[in-house]
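Report on the following structure.
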Amino acid sequence: MREIIAIVKPFVAEKVREALESAPLEACAVREVQGFGRQKSYLDRYEDSDYSLAFLPKVEIQLWVAADRVDEIVARITSAARTGRIGDGKIFVLPTLAEHEV
């Protein structure tokens, strides 16, 4: 069992969901998040205090899949989310700690 975390732009989240619709998933969680990647943290000064303009809205899709299906799932996410521009997102694949359901 593996955990896949995909962080994508909000406007492609629905395309990713559609791409995963027929995939064999054990479980899925989706949440709205904010962050930045390669565009770096752009800071501005506002009355002697720093504030960041770099946090952009993103959608985090967390999936749990069988270890032998990881490549297929990552390929589906990548093809649905890729726009070719900076900030398309990130995909993380992690081992799960527990192999048994509780």
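Nothing in this text is a laboratory measurement; each read-out follows from the coordinates by a stated rule. What you see is a predicted model; the values in this text were computed from it and never measured. No Cβ is skipped: glycine too gets one built from the backbone with ideal geometry, and neighbour counts run over all protein chains shown.
Structure above, values below:
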read-out	value
Integer Hz, Karplus 6.51/-1.76/1.60 couplings in order for segment 15-29, x for Gly and Pro	5, 5, 4, 5, 5, 8, 3, 9, 7, x, 10, 7, 7, 8, 9
Spacing of the two label points (7 Å from each Cα toward its C-beta) at Trp64 and Ala23, in nm	1.6 nm
Positive minus negative residues near Phe92 (Lys, Arg vs Asp, Glu; Cβ under 11 Å)	0
Spacing of the two label points (7 Å from each Cα toward its C-beta) at Thr96 and Ile5, in nm	1.6 nm
